[in-house]
Amino acid sequence: MTMLASPLDLGNLGTTVGSSTATKTNNATDAQASQDRFLKLLVAQLNNQDPLNPMDNAQMTTQMAQINTVSGIQQLNDTLKSMADQYSAMQAMQGTALIGRHAVVDGSSLYIDGDAAQGALELDAAATNVVVDIVGTNGAVIDSVELGALKAGQHAFGWDATGVDTSTVKGFAIRATDSSGAVTATPKSLVPVSAVSFQDGAMKLQLANGQRLAYDQVDAFM
């Protein structure tokens, strides 16, 4: 059955919509504004339709479904934007908490601050004896640090560089053994985080040694 409405009713509807829109323009959201524009166009279409060939229920339903879909997408976009803003705020808070902590990153260089030097290592398995050799720029061993027995995983260590010209220090090497022989050990640099920034939505870490790394380039924090 075709749904008909009198020109008088449609005219009143058009007046009501126009009046409502005029009074709410300043407070309406984008979605509400889109709905208002759609209703204005729909009322104008109804007022100017051919009386002998009026719009049927299916056409009306289709157009109403379209505006509902557009409104839903706009609301979804607003929700996603709000979630993205909240995530960025959480990242900023987490980033601030990292300042002053030590980042474990790939490398065999020591971070030296005055007479104190520090580094880290990762063991694939437990070792009964671990020794860190401090290596000079000429390739010779300057000093050694005995760490004893260590479990598998990451470990930090310190070295007293008192009396050593630190400009001659290249880095360090690791010797780890157990009752069966050598244990695989990977040297790691241990560097304080001095600042945190965001670029293109990604967290960047400024390290005390001048390195600038993405968050996912850090193995762990100590």
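Any read-out appearing in this document is the output of simple, stated calculations on the displayed coordinates, not a laboratory observation. Please read these numbers as outputs of a predicted model, since none were measured by experiment. Please note: Cβ atoms are built from the backbone with ideal geometry, for glycine as well, and neighbour counts cover all protein chains shown.
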Treat each spin label as a single point 7 Å out from the Cα along the C-beta direction, and report the Thr62 to Thr168 distance in nm.
8.7
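Which peptide among 113-125, 184-196 comes first, and what is the full order, when sorted by highest mean count of other Cβ atoms within 10 Å?
Numbers: 113-125: 17.3, 184-196: 18.8.
Per-residue mean Cβ counts within 10 Å order the peptides as 184-196, 113-125.
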Extension gain Asn47-Asp115, at 0.36 nm per residue separation less the Cα-Cα distance, in nm?
15.7 nm
Mind giving me the nanometre distance, one decimal, between the label points for Ser144 and Gln86, set 7 Å out from Cα along Cα→Cβ?
5.7
Tell me the relative contact order for segment 75-222 as a rounded percent, counting alpha carbon contacts under 8 Å between residues six or more apart.
32
Taking Lys188 as the anchor, which lysines have their alpha carbon closer than 17 Å to its alpha carbon, excluding any fewer than eight residues away along the same chain?
Lys151, Lys170
Provide the FRET efficiency to the nearest 0.05 for the Lys151-Ser194 pair, computing r from the beta carbons and using R0 = 35 Å.
0.70
Bins of 10 Å from zero: percent of alpha-carbon pairs in segment 97-190:
17, 48, 29, 6, 0
Counting Lys and Arg as +1 and Asp and Glu as -1, each charge on the Cβ, what is the dipole of segment 107-222 about the Cα centre in debye, to the nearest 20?
200
